[in-house]
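Chemist: The structure follows.
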Amino acid sequence: MARRPFRQVWDFLTRLKVAAVLVLILLLLAALGSCFPQIPPPAAVDAEQLAQWEAHVQARYGVLRDLLGAVRVFRWFKSPVFLVPLVLLAVVTLMCTLDRWRVVCRRAFRSPVSGSDAVFTAAPHTSRLTGLPAADLPCIVRECLRQRGFRVRSARSGDVINLRGERNQLATLATLVTHLALLFLLLGAGLSYGWGWREGFIIEPDESVEVGHGSSLALRNDGFSISRYPDGSVSTYQAQVAVLRGGQEVKRGSVWVNQPLTCDSVGVYLQGYQGGGNRYSVTLLAVHDPGYGWVIAAMFVLLASTTVTLNFPRGWIEARIEAGGLLRLAGWAERHAFDFEREFAALVRELSHWAVSTQEDVV
Amino acid sequence: MLIGLAYGMLWAAILAYFFHTRTGRGWTGWLATGSTVISLGLVTAALVSRGLAAGHWPLTNRYEFALCFVWAIVVVYLLVETSWRERQAGAWVLLAALLVATYAVTRSPDEQAIAWLLPALRSPWLQIHVLSTLLGYGAFGVAAGLGLMRLVPGTASEGEGGAGRLFVSGEIERTMERALALGFPWLTLGILTGAIWAQNAWGRYWGWDPKEVWALVTWLWYLLILHLRPLRSWRGRRLASLVVVGFGVVLFTFVGVPWLVRTVRLESLHGF
């Protein structure tokens, strides 16, 4: 009896509509959050910058500032209002994955060659052909299915021969992989948020600063160069940066806007410059982000699995050959197998050509 | 010059497609497809010449992005027309392209001028990120045109059976879903490559910048459609409505976000 309420909650949360509602809530919350300025990351850890930013917000929103601050619109994407539905969506995604795992694996790896009789009446596409050459029929059907990209298995039961053609059978697993990838993506984002750090520095020429955060690294500005377009606007700029540990140089290189320098899982990014002539100070950003690799790997997996799910739909055709050259066909495909209906009809047409005297009945 | 001609040809193509839908005459169909192909050729020529003149890919501001967006919608549409061997959706789909083209041709001369490449845009990820996003947007534009066609009374017959020259609603929906299936992975790739590029340039793959938030909103919207699609009660006109609204979200991400940033005075690194 104790299992019953749990089962009801489980069944409710694994419904497709619940996931859809959560996605809708999240996108509405994200859209709402985009309408308000968010506290920039440097201000969140620097009291002086935070005071400046709050003064700026106070000037803009006036009396509404306290109210908006109370509902955390300026930290919207880190507020419970946004994070609770996000976590709930992650939980629902995990539950859906667990809920469907067995069924999907069975479909992918253990689909039986011969289904029940009901398949030949209840499947979305069915057909019945007679007058076919009984002796050659298994080979003919097998070849027709193979030519269409189906992987064919067969089984005999007395006088009856069953053949089952499967296409993109493993694609069934892609939905599960997509859901797992989403979970890993959120896990990676959690790692970035919980264990990552960023620190900005303005470094004068030939000077060095400690990176901190227990990294024992220091950065030194060894030079800066800038190139300009004919109208004087900036084309590109780069800083020569040395990474030091205990006063010893462990790495050196050029840092461009799109080309950071990496040392011991700390990335050094060029954010800007000040000065002129031959003396430029550079603004560098040191970043340690243990979640980045997870997030990008998860997104690649997500991309691959959604591509497979949406563009390589699973489909099967089952054939039953009975005594006297009677052939019964049943076909099923996922909704986005857009040409399956046409393909099934073409298969029936092709098979009917083999008949000595055929009666065709396609549904 | 080339863009003006392409814009004119796009209008001509839409009129020809409408005329073809009404009359069903073969020559009007060829005229419509021909105008579309010429329009595409002119946009392609304009983009290539612009790229050669600038010395970089024409993907660096909203004007150039809009031209590429039109190009993507027309290319995806012509692929659909070729595989469908039908032209009845042409007028509806090209309306989406015309909307974006109108945005492009109404930009001020300053916005249309070729600009130097900013240091932040000097990255191979620019081409990969923008082109993959564009292909996604192009497919969503085609899906929206088909959705619009499905919604307008008298353009499609209900159910699966044909009825004269009226297109079968089931066929429209299938093609609309096929366009979504094509577009969603490209949008995902666009967001993924954008994240990699942002990590290289700014040291963070995601920063809740308004443009990033709206890219996420767009992605979530289409994710929602893909989740509602298997539900029988959401098929047909309701799904078509969501797809049309989805294109509105795409357009807002493209042109609405800069407006939002200006109006609400937000900070955004995606100023280009």
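Chemist: In terms of modelled amide H atoms, which long-range or inter-chain residues lie less than 5 Å from the amide H of A:GLY291?
Modeler: Those lying under 5 Å, H to H, from A:GLY291 are A:SER192.
Chemist: Still on this model: Select from A:PHE77, A:ILE202, A:ALA239 the residue farthest towards the positive end of the dipole of the protein assembly as shown; place +1 on Cβ of Lys and Arg, -1 on Cβ of Asp and Glu, and compute about the Cα centre.
Modeler: With unit charges placed on the Cβ atoms, the residue in question is A:PHE77.
Chemist: Taking both sides together, what accessible area is buried at the A/B interface, probe 1.4 Å, expressed in Å² and rounded to the nearest 100?
Modeler: Looking at A and B, the buried total is near 4800 Å².
Chemist: For region A:93-103, just list the computed ³J(HN,Hα) in residue order, Karplus coefficients 6.51, -1.76 and 1.60, θ = phi - 60°, integers in Hz, with x standing in for Gly and Pro.
Modeler: For region A:93-103, the Karplus-derived couplings read 4, 4, 5, 4, 5, 5, 5, 9, 3, 5, 4 Hz, x marking Gly and Pro.
Chemist: Given R₀ = 35 Å, FRET efficiency for A:GLU210-B:THR106 by Cβ-Cβ distance, to 0.05?
Modeler: According to the calculation, E is roughly 0.05.
Chemist: For a label point 7 Å from the Cα of A:GLN271 along Cα→C-beta, name the residues of region B:197-215 whose backbone N is under 17 Å from it.
Modeler: The answer is B:198-209.
Chemist: Each residue of region A:11-20 in order: what ³J(HN,Hα) in whole Hz does its phi give by Karplus 6.51 cos²θ - 1.76 cosθ + 1.60, θ = phi - 60°, with x for Gly and Pro?
Modeler: Rounded to whole hertz, the list is 4, 5, 6, 8, 6, 4, 5, 5, 4, 5.
Chemist: Efficiency by 1/(1 + (r/R0)^6): what FRET value for B:ARG238 and A:TYR193, r their Cβ-Cβ distance, R0 = 30 Å, to the nearest 0.05?
Modeler: The calculated FRET efficiency here is 0.20.
Chemist: Per-residue ellipticity at 222 nm for chain A, helices alone: DSSP H runs ≥ 4 residues times -39500 (n - 2.57), over residue total, nearest 500 deg cm²/dmol?
Modeler: Computed mean residue ellipticity for chain A: -14000 deg cm²/dmol.
Chemist: For B:135-146, what's the mean count of beta carbons from other chains sitting within 10 Å of each residue's beta carbon?
Modeler: So the per-residue partner count for this stretch is 0.
Chemist: List the residues whose amide H sits under 5 Å from the amide H of B:TYR205, counting only those 5 or more places along or on another chain, with H placed 1.01 Å from N in the peptide plane.
Modeler: none
Chemist: What's the whole-number percent of alpha carbon pairs in region B:1-114 lying beyond 19 angstrom? Mind showing how you got there, number by number?
Modeler: Working: 2731 of 6441 pairs.
For region B:1-114, the share of Cα pairs beyond 19 Å comes to 42 percent.
Chemist: Per-residue HN-Hα couplings for region B:36-49, Karplus 6.51 cos²θ - 1.76 cosθ + 1.60 at θ = phi - 60°, whole Hz, x for Gly and Pro?
Modeler: Karplus values, whole Hz, x for Gly and Pro: 5, 5, 5, 4, 5, x, 5, 5, 4, 4, 5, 5, 5, 5.
Chemist: Further, regarding this structure: Provide the FRET efficiency to the nearest 0.05 for the A:GLU350-A:ARG3 pair, computing r from the beta carbons and using R0 = 41 Å.
Modeler: Calculated transfer efficiency: 0.20.
Chemist: Convex hull over the Cα atoms of the protein assembly as shown, averaged projected area in nm²?
Modeler: For the Cα atoms of the protein assembly as shown, the hull's average projected area reads 37.1 nm².
Chemist: Hey, what's the protein assembly as shown come to in accessible area per residue, 1.4 Å probe, Å²?
Modeler: 47
Chemist: Additional query: Pull up the cross-link candidates among the lysines for A:LYS78, meaning alpha carbon to alpha carbon under 23 Å and not fewer than 8 places away within one chain.
Modeler: Counting by Cα, and skipping residues close in sequence, A:LYS78 has these lysines nearby: B:LYS211.
Chemist: If you don't mind, another one. How would chain B be classified by its alpha-carbon gyration tensor: rounded, prolate or oblate, with rounded meaning a/c under 1.5 and the a/b versus b/c comparison settling the rest?
Modeler: Cα axes put chain B in the oblate bin.
Chemist: Continuing with the same structure: Quick one: what does P(r) look like for chain A with 20 Å bins over all Cα pairs, in whole %?
Modeler: Result returned by the calculation: 20, 34, 26, 17, 3.
Chemist: Accessible area of A:ARG148, 1.4 Å probe, to the nearest 10 Å²?
Modeler: Counting only protein heavy atoms, the figure is 50 Å².
Chemist: Assuming 0.890 mPa s and 25 °C, estimate D for region B:118-272 with Stokes-Einstein, Rh taken as the Kirkwood radius over Cα pairs, in µm²/s. Intermediate values should be presented prior to the final figure.
Modeler: Details: Rh = 16.8 Å.
Value of D from the Cα-based Kirkwood radius: 146 µm²/s.
Chemist: On the principal axes of its Cα set, how long, how wide and how thick is region A:197-288? Give whole Å, largest value first.
Modeler: Result, largest extent first: 45, 22, 18 Å.
Chemist: Counting DSSP beta bridges in the protein assembly as shown, what percent are antiparallel, to the nearest 5?
Modeler: 95
Chemist: Can you pull the percent of Cα pairs in region A:7-94 with separation above 23 Å?
Modeler: Within region A:7-94, distances greater than 23 Å cover 38 percent of Cα pairs.
Chemist: I've got another one for you. Which is farthest toward the positive dipole end of chain A among A:TYR280, A:LEU24, A:SER227, measuring Cα position about the Cα centre, with Cβ charges +1 (Lys, Arg) and -1 (Asp, Glu)?
Modeler: A:LEU24
Chemist: Shifting gears a bit: Taking amide H positions as placed in the peptide plane 1.01 Å from N, state which residues far from B:VAL168 in sequence (5 or more) or on other chains have amide H under 5 Å from it.
Modeler: For B:VAL168, the qualifying residues are B:SER157.
Chemist: Related question: Between A:VAL91 and A:ALA55, what is the spin-label point distance in nm, taking each point 7 Å from the Cα along the Cα→C-beta axis?
Modeler: Roughly 4.3 nm, to one decimal.
Chemist: Continuing with the same structure: Could you sort the residues of region A:251-283 by number and keep only those whose accessible area is reduced by 40 Å² or more in the all-protein-chain setting relative to the chain alone, 1.4 Å probe?
Modeler: A:VAL257, A:ASN258, A:TYR269
Chemist: Right, next: Starting from the 7 Å offset along Cα-to-Cβ, what nm value, one decimal, do you get for the label separation of A:ASP117 and A:LYS78?
Modeler: So the label points at A:ASP117 and A:LYS78 sit 6.7 nm apart.
Chemist: Right, next: Counting only protein heavy atoms, what percent of the accessible surface of the protein assembly as shown is carbon or sulfur at a 1.4 Å probe?
Modeler: Exposed carbon and sulfur together represent 62 percent of the surface.
The values are calculated or read from the model by the stated rules, or taken from the named source; none is laboratory data. Everything numeric here is computed off the predicted structure, so don't read it as measured data. Every residue, glycine as well, gets a Cβ built from its backbone with ideal geometry; the counts of neighbours run over all protein chains shown. We work out accessible area using only protein heavy atoms, side chains counted, and drop any ligands, DNA or RNA first. Shrake-Rupley method; radii C 1.70, N 1.55, O 1.52, S 1.80 Å.
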